[in-house]
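Only one structure is covered here, and it is reproduced in the block below.
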Amino acid sequence: ADQGIAGHVATTGKILNIKDAYSHPLFYRGVDDIRHVQSICSCCCRFCLMVKKGYRDPPYHNWMHAFSVSHFCYLLYKNLQLSNYLEDIEILALFVSCMCHDLDHRGTNNSFQVDSQSVLAALYSSEGSVMERHHFAQAIAILNTHGCNIFEKFSRKDYQRMLDLMRDIILATDLAHHLRIFRDLQKMAEAGYNPRSQTHRSLLLCLLMTSCDLSDQTKGWKTTRKIAELIYKEFFSQGDLEKAMGNRPSEMMDREKAYIPELQISFMEHIAMPIYKLLQEIFPRSAELYERVAANREQWAKVSHKFTIRGLPSNNSLDFLDEEFELLQSQGAFGDDSHRMNGCLDDDCDKHNQ
């Protein structure tokens, strides 16, 4: 029996006519289990490679951003013990959504799609969140590609729920959506999170997705500064396109008018810091993330005068701001800068990194 059906035939030379191989005593289930695991792994690999391939190469909204967001999602899952707050299918939906949330991003925002009367605007503008709906549609297209459906073993009910969750989570990356639900998020934090409440779990998924999407703001100054350089390079490219179309770009998209430190400070104060403050209220262990965003906000304020003097160089580089940072750091202006840069919030992460 240890040889299995194939082994028996090979060693005896006798042909077996078996009606039900799975019920036959010679059937070796280990082979089936191994093949099943291999099949799942192959499907996951194909899915991940297709997702990576589905990203274009704008300065910021590319595969590197998606990978970083997904990695941060894993860190939150591990350090905040999200399994105590969300169902398994919700956590999986969050992670997959992080991978897919900017699929086929063209380096332009929703307003540009509408103003330029693009094909995407024609498809999705009536519902709003043009790019986010496109990202979700691209994710579904990958799942429908042969050999890439990582949810193919799900029941019909779970499969539909997974798609509904992914749609809602990816749409939550539209900051306009975040601002609409912000008061509801505050009420949830004030009342205390209830994992038995479907409404609370849905809101938490939106908050976690936004926290992951903006996680570059929680990194060290040099990383945050470099990310800002990439973001504004992408913004200014859109602004140039808008000017070529005869339209007037917004201040943040106009390389001739944008004052990056002020724009960054405003973004942190009105968007990023309130998000991580809410996260801290629900998960006290995430306090370091809020502190890091606040520290980066202070850093932008401290180097803003240097930007005023020099402006943005023709190569869009903000490297010169690091000189100011290193000077202030050497003077102890930032105090203890021992924050864990990789986002881990417990001692176990330090042990793993050793």
Going fewest to most other Cβ atoms within 10 Å around each Cβ, Cys45, Cys148, Cys98 line up as Cys45, Cys148, Cys98
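Taking a 18 Å limit on the Cα-Cα distance, which of the listed pairs Lys222/Lys306; Lys233/Lys277; Lys226/Lys306 fall beyond it?
Details: Lys222/Lys306 16 Å; Lys233/Lys277 29 Å; Lys226/Lys306 16 Å.
Flagged as over cut-off: Lys233/Lys277.
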Pairwise label distance in nanometres, Lys14 with Arg180, each label 7 Å out on the Cα-Cβ vector
7.0
Whole Å is fine, so just give me how far the alpha carbon centre of the stretch 164-222 lies from that of the stretch 72-120.
11
Cβ under 14 Å from Ser68's Cβ, Ser68 left aside: what net charge do those residues give with Lys, Arg +1 and Asp, Glu -1?
0
Any chance you could run the full-extension gain for Lys153 through Asp88? It's 0.36 nm times the residue separation minus the Cα-Cα distance, nm to one decimal.
21.9 nm
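Out of the stretch 90-160, which GluC sites (Glu not before Pro) are coil in DSSP terms and have no more than 12 other C-beta atoms within 10 Å?
Sites meeting the loop and neighbour criteria: Glu127, Glu152.
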Summing Lys, Arg as +1 and Asp, Glu as -1, what charge do residues with Cβ under 9 Å from the Cβ of Thr224 carry, Thr224 excluded?
+4
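Every number here is computed from the coordinates shown, using simple stated rules; none is lab data. Just so we're clear, the structure is a prediction, and the values are computed from it rather than from any experiment. Counting neighbours? That spans all protein chains shown, and the Cβs are built from the backbone with ideal geometry, glycine included.
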